[in-house]
Amino acid sequence: SVTATLASDASKTATFTVTALPNVTVTGLQIISGNNQSAIVNSAFASPLVVQLGASGGAASGFPVQFTVTGPATLSATSATTNASGQAQVNVQAGAQAGAVTVTASSGGFTQSFSLTVAPPGPTLTAGAFMNAPSPGIVAHP
């Protein structure tokens, strides 16, 4: 903490808190999990997208990571801050149309891209779609 006091009036003070951080250099960005997933239209992808920020000189904690998306999907956030392990993550929601999705994470001049797929819904079956037919060799009698 640093306290400044006015020389002509000691009752006038201002206190500042300064935190010294180690000089950390970002050395890379790596995909940890969430790549190559598929989700049905309008549903959430099962796993979050997680990246690891590498650094020299200390932990890569508290660094911002930007996320952008192209294709039929939305992100839970466009940026995330790395945790104590240097990892940042976002969740992805599939859009209303099927297609390829690319999510790009970037930080410290490094980028990584996730490849995802939004799949169309399967057929809808109802009880009325099933019929009972006689087996071969069985003759129906009136």
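Of the residues that sit in the range 111-142 and are exposed (fewer than 10 other Cβ atoms within 10 Å of the Cβ) and aliphatic (A, V, I, L, M), which one is modelled with the lowest pLDDT? By that ranking, first place goes to Ala140.
If the condition is being surrounded by 10 or more Cβ atoms within 10 Å (Cβ to Cβ), part of a strand (DSSP E or B) and not hydroxyl-bearing (Ser, Thr, Tyr), then the range 5-27 contributes Leu6, Lys12, Val26. When Gln30 is tested against (1) part of a loop (DSSP other than H, G, I, E, B); (2) modelled with pLDDT of 95 or more, only condition (1) is not met. Of the residues making up the range 59-77, those that are farther than 14 Å from Thr111 by Cα and open to solvent by 70 Å² or more (accessible area, probe 1.4 Å) are Thr70, Thr74, Ser76. For the range 40-75, the set of residues classified as in contact (Cβ under 8 Å) with a residue 24 or more places away in the chain, farther than 30 Å from Pro123 by Cβ and small (Gly, Ala, Ser) consists of Gly54, Ala55, Ser56, Gly57, Gly58, Ala59, Ala60, Ser61, listed by residue number.
Please tell me if Ala55 is of a type in the set (A, V, I, L, M, F, W, C) and surrounded by 14 or more Cβ atoms within 10 Å (Cβ to Cβ). Taking the combined requirement at face value, the residue satisfies it.
The values are calculated or read from the model by the stated rules, or taken from the named source; none is laboratory data. Treat the numbers as computed from the prediction; the structure is a model and nothing was measured. With ideal geometry, Cβ positions are generated from the backbone for all residues, glycine too; neighbour counts draw on all protein chains shown. Quick note on the areas: whole protein, heavy atoms, side chains included, nothing else; ligands and nucleic acids left out. Shrake-Rupley method; radii C 1.70, N 1.55, O 1.52, S 1.80 Å.
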